[in-house]
Amino acid sequence: MNIKPLADRVLIEPKEAETKTAGGLYIPDNAKEKPQEGVVLAVGPGKKDEPMEVKVGDKVLYGKYAGTEVNAGDKTYMIMRQSDILAVI
């Protein structure tokens with residue numbers, strides 16, 4: 001993977017969407033919720049007045065409509081600004 005985020009952007013691998021409910025029912029593809037958590041794979045250098053607070057390997061929560069989906073090979077990643085990340089878990 002040769003994706004390198006610029007400025008205050010972060011590359012995230014989203015968590016897989018749940019395929020079963022807690023009760024054991026399978027969820028069809030069209031009813032799955034978009035995941036809102038993932039793992040940071042790459043971090044940009046930051047801005048002059050805003051240093052990067054997240055680092056590679058952090059598990060993060062982000063907004064439902066945050067970022068841009070990027071397909072690289074057979075995987076889907078998210079690129080978003082550090083300010084779109086809500087929390088590190």
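Descriptive notes on the structure:
- Evaluated at q = 0.21, 0.32 Å⁻¹, the base-10 log of the normalised Debye intensity for the stretch 1-43, with identical point scatterers placed on the Cα atoms, takes the values -0.73, -1.11.
- Each Cα pair under 8 Å and six or more residues apart adds its separation to the average, and for the stretch 6-81 the resulting relative contact order is 37 percent.
- Of every Cα-Cα pair in the stretch 42-89, the percent that sits beyond 12 Å: 67 percent
- Just the protein heavy atoms count here, and of the accessible area of the chain at 1.4 Å, carbon and sulfur take up 51 percent.
- Average accessible area per residue (Å²) across the chain - probe 1.4 Å, nucleic acids and ligands excluded: 70 Å²
- Paired Rg and Dmax values of the chain, which use every Cα atom, in angstrom: 14.3, 49
- Take the chain and mark each of the GluC sites (Glu not before Pro) that is in a DSSP loop with at most 10 other Cβ atoms within 10 Å; the longest unmarked stretch, sites excluded, is 34-89.
The values are calculated or read from the model by the stated rules, or taken from the named source; none is laboratory data. These figures come from a predicted structure and were not determined experimentally. We place every Cβ from the backbone using ideal geometry, glycine too, and count neighbours over all the protein chains shown. Side chains are part of the model used for accessible areas, which takes the heavy atoms of the whole protein and leaves out ligands, DNA and RNA. Shrake-Rupley method; radii C 1.70, N 1.55, O 1.52, S 1.80 Å.
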